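Participant: Mind having a look at this structure? Questions to follow.
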Amino acid sequence: MIAGRYRPLDVSVRVEPWLNRAVALSHSMGLVSVNKGSVVVLTDEGRKAAEAVAKDSGVLDAEKAFLSEVAPKLTDGFMKTVWRPENLV
């Protein structure tokens with residue numbers, strides 16, 4: 001979809017089953033806050049941890065490379081079409 005080869009209706013988007021556990025663990029460690037049950041935001045401690053990971057070469061390198069390429073393309077508008085493709089019909 002990001003490259004333009006597929007339309008939102010062509011793709012079935014799912015959430016990684018472990019995402020909720022990762023959010024719960026991060027919340028228990030004080031790294032994120034959860035607002036209204038669906039909005040997850042880094043806390044100051046979470047930002048510090050993320051910055052430490054970003055600076056440490058050899059840690060999550062493949063993930064950092066992927067996110068540095070993909071994240072700038074994931075705008076609010078794009079994500080709304082991903083999660084709500086019925087609005088395009």
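The values are calculated or read from the model by the stated rules, or taken from the named source; none is laboratory data. Note that this is a predicted model, so its numbers are computed, not measured. Neighbour counts are summed over all protein chains in view; Cβ atoms, including those assigned to glycine, are modelled from backbone coordinates with ideal geometry. The accessibility values were calculated without ligands, DNA or RNA, using every heavy atom of the protein model including side chains. Shrake-Rupley method; radii C 1.70, N 1.55, O 1.52, S 1.80 Å.
Participant: Restrict the check to the range 34-49 and report whether at least one residue is outside any loop (DSSP other than H, G, I, E, B), over 26 Å from Arg84 (Cβ atoms) and under 15 Å from the mean Cα position of the chain (by Cα).
Facilitator: So far as the range 34-49 goes, yes, one or more of its residues are outside any loop (DSSP other than H, G, I, E, B), over 26 Å from Arg84 (Cβ atoms) and under 15 Å from the mean Cα position of the chain (by Cα).
Participant: Condition check: open to solvent by 90 Å² or more (accessible area, probe 1.4 Å) and basic (Lys, Arg). Does Lys48 satisfy that?
Facilitator: Considered against the rule, which asks whether it is open to solvent by 90 Å² or more (accessible area, probe 1.4 Å) and basic (Lys, Arg), Lys48 comes out as yes.
Participant: Which ones in the range 5-17 are modelled with pLDDT of 85 or more and loosely packed, with under 10 Cβ neighbours inside 10 Å? Even if it seems obvious, please write down each step before you answer.
Facilitator: Kept after step one, since they are modelled with pLDDT of 85 or more, are these residues of the range 5-17: 5-6, 16-17.
Hits for the range 5-17 are Arg5, Glu16, Pro17.
Participant: Output the number of residues of the range 34-45 satisfying the condition of being touching a helix residue (DSSP H, G or I) at 6+ places or on another chain (Cβ under 7 Å) and either within 20 Å of Ser68 (Cβ to Cβ) or of a type in the set (S, T, N, Q) (or both).
Facilitator: So the answer is 1.
Participant: Take the residues in the range 54-87 that are open to solvent by less than 100 Å² (accessible area, probe 1.4 Å), assigned to a helix (DSSP H, G or I) and touching a helix residue (DSSP H, G or I) at 6+ places or on another chain (Cβ under 8 Å), then tell me which one is modelled with the lowest pLDDT.
Facilitator: Ranking the qualifying residues of the range 54-87, first place goes to Pro85.
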